[in-house]
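The structure appears right after this line, and notes come after that.
What follows is calculated from the coordinates using simple rules that are stated; it is not laboratory data. Keep in mind that what you see is a predicted model, and the values were worked out from it rather than measured. Backbone-built Cβ (ideal geometry, glycine too); neighbour counts: all protein chains shown.
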Ligand SMILES: Nc1ncnc2c1ncn2[C@@H]1O[C@H](COP(=O)(O)OP(=O)(O)OP(=O)(O)O)[C@@H](O)[C@H]1O
Ligand SMILES: [Mg+2]
């Protein structure tokens, strides 16, 4: 096992910068979720760690050793491709055994290790099949078994679950996490599904237009997004813009919102509020406590989702969003005038 | 378990296709089956059924093949020629197709592709005679080499076995390049990357992945080349001169020079049978490869 260090890496395709000065430490044995919109450079970064592509600037090290001169086949990586890339001319067994046989592992040991990998991904009895005779989920597990059977230092996963339907996907997420924990391998997982990234990763990095926007443990990024992009890309957020005065933001209509930290004074800035932190009261309700922000709004839409209710609200022509638990109280009607309350603690200043 | 197709399912699929297939079958009947059956008929005759000649049915034309060892030797020589030309086409055509399909991109690919299929567009005779200019002593190659080298050399390949090989390889190479190109292009790049990430060197990837996946193209190309080369007569005659006597030229002689169509037809059918037998023998081996 080994940690992966990416330091100041840039990659240009013509004049277009696919990656620009990206530095990330992927901790040893950790599960790192690489998140970002389409075209943000996730695959490009992964391919450079694998050795299929090379940075125009910066350095990549695996296990403390610079890999600039190390060809793909000597980097000891395992990779699962988005389309699985199983060898169609080989059986499931031969697919998984491929990495061992090219390394000259003895026949008997190969058989044992393949068997173990097959058990790990719960594919026993399918060894003789060809890839085209497998379901999508089975193919994905073969790809995973093939990638880990060689005991690589690093496991690279490029949106491996994106082709699966929802229920299979959740099952595979749990499976993948179990296998990763069992083997204890440094894993870098590319996805553009924020929920997948949040539930599976120990750490998350958000890429945007080839730059690292923010990085940290999932809860930290979710609770403390550093930018409007991070706030809206990872989870839902209501954004309020205004001018700064200490830790207060004056909105255009004169309302003051108190943030939990001070902002650089005098500038225009924004703050974010997660929809689940907003409480809705009927306007006639009790007066709010001191450490609260409040806004008047009108409910425009109510979306029932079983365990929760999503309200879309109109404030000053802007649409806000609030989640309420389905606790059995009478829900608010569409068109009702209400007051929104939330704690100063939940008001996140954005630079 | 998938359900077995209901009886007659194949029929019901065939019937709507029948009007579409009819022209093809009609054409096949007219263009191949009729002349071929005429030839079969000829091959059992003592002489051409012309007005002033009498003829009878005979097996003599086939027997002639076995009466001297000349035809057998020439047939072996032609089979060897077919194998050699096919081999050279594989050795040159496969790497060429690989570069076209996997290395070159965009404009340069189009340009090289054009160069490869250019022989297809030129007349066969023109092609062969232009080789003659190159290969003969005091020809282009000869003069060019002597202009560069300090010592005198004489490259006279004209009227030799190598000249025949060069001419045939040039004529038939595009088949191999095209069939291999098609199968190679269908191989997903991520397969190659996956193999490399699993620790395979470029050579191992070629041996274990690319060649097996390209095998259908290699086989198709080999068959497309081997079969006509075994019966070829134009290249051997023009470029081979006196050493250009092959089974194909003998058949041509029967039709064009000696005017013994029955013997020519019989020799042709023996060739057809031998080629089919060779392909049938090779089939299990080739099938195992894919
Ligand atoms: N070989 C290439 N040649 C030119 N441009 C490229 C090449 N590969 C990637 N790019 C560009 O680099 C940028 C980043 O691409 P990349 O494939 O890393 O995106 P991604 O984050 O993986 O997106 P997605 O989520 O859609 O897979 C894109 O704008 C893409 O067009
Ligand atoms: Mg991608």
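For this structure, a couple of remarks:
- Normalising the average separation of contacting C-alpha pairs (under 8 angstrom, six or more residues apart) by the number of residues puts the relative contact order of chain A at 16 percent.
- Inter-part distance where region A:83-155 and region A:22-61 are each reduced to a Cα centre, Å: 25
- Two-site FRET efficiency, residue A:337 against residue A:21, from Cβ-Cβ distance with R₀ of 45 Å, rounded to 0.05: 0.35
- From helices alone, chain A scores -7000 deg cm²/dmol at 222 nm; the rule is -39500 (n - 2.57) for each run of n ≥ 4 DSSP H residues, then divide by the residue total.
- Residues within the reach of a label modelled at residue A:56 (point 7 angstrom out along Cα to beta-carbon, backbone nitrogen below 20 Å), restricted to region A:14-43, are A:14-24, A:39-43.
- Region B:99-146: C-alpha gyration tensor shape, a/c 1.5 cut-off, then a/b vs b/c: oblate
- Cα long-axis angle, helix A:166-183 against chain A (0 to 90 degrees, to the nearest 10): 60
- Scattering curve values for chain B, log₁₀ I(q)/I(0), Debye with Cα scatterers, q = 0.06, 0.08, 0.11, 0.16 Å⁻¹: -0.30, -0.52, -0.91, -1.32
- Shielding by partners, peptide B:198-208 (average Cβ within 10 angstrom, other chains): 6
- Ordering of B:274-281, A:58-65, B:118-125 by packing [mean C-beta count within 10 Å, highest first]: A:58-65, B:274-281, B:118-125
- For region B:150-172, the residues whose backbone nitrogen is under 17 Å from a point 7 Å from the Cα of residue B:91, taken along Cα to Cβ, are B:161-172.
- Relative contact order of region A:55-163, pairs being alpha-carbon contacts under 8 Å that are 6 or more residues apart, as %: 44
- Max-minus-min Cα coordinates of region A:4-228 on each principal axis give 51, 41, 30 Å, with the largest extent listed first.
- Where a label projected 7 Å from the Cα of residue B:53 along Cα→Cβ would reach, residues of region B:247-290 with amide N under 17 Å: B:251-268
- Legend: mean number of C-beta atoms from other chains within 10 angstrom of residue C-beta atoms, peptide B:184-197, equals 6.
- Compared with the dominant principal axis of the Cα atoms in chain A, helix A:92-101 is inclined by about 70°.
- Distance from the Cα centroid of region B:117-147 to that of region B:221-290 is 25 Å (rounded to whole angstrom).
- For region B:196-266, the fraction of C-alpha pairs farther apart than 18 angstrom is 60 percent.
- Spin-label model distance (nm) - residue B:108 vs residue B:17, 7 Å beyond Cα toward Cβ: 4.3
- At full extension, residue A:133 and residue A:10 could sit 40.2 nm farther apart than now, given 0.36 nm per residue minus the alpha carbon distance.
- Across region B:69-289, C-alpha contacts under 8 Å between residues 6 or more apart give a mean separation that, scaled by the residue count, equals a relative contact order of 28 percent.
- Computed from label points 7 Å out along Cα-Cβ, the spacing between residue B:146 and residue A:151 is 6.9 nm.
- Gyration tensor (alpha-carbon) shape descriptor, the protein assembly as shown, a/c threshold 1.5: prolate
- If R0 equals 35 Å, the separation of the Cβ atoms of residue A:310 and residue A:28 corresponds to a calculated FRET efficiency of about 0.30.
- Label-to-label distance, residue B:77 versus residue A:106, with points set 7 angstrom from Cα along the beta-carbon direction: 5.7 nm.
- In chain A, the longest principal axis of the Cα atoms and the axis of helix A:107-120 are about 20 degrees apart.
- In chain B, the calculated helix contribution to ellipticity at 222 nm averages -23500 deg cm²/dmol per residue, counting -39,500 (n - 2.57) for every DSSP H run with n ≥ 4.
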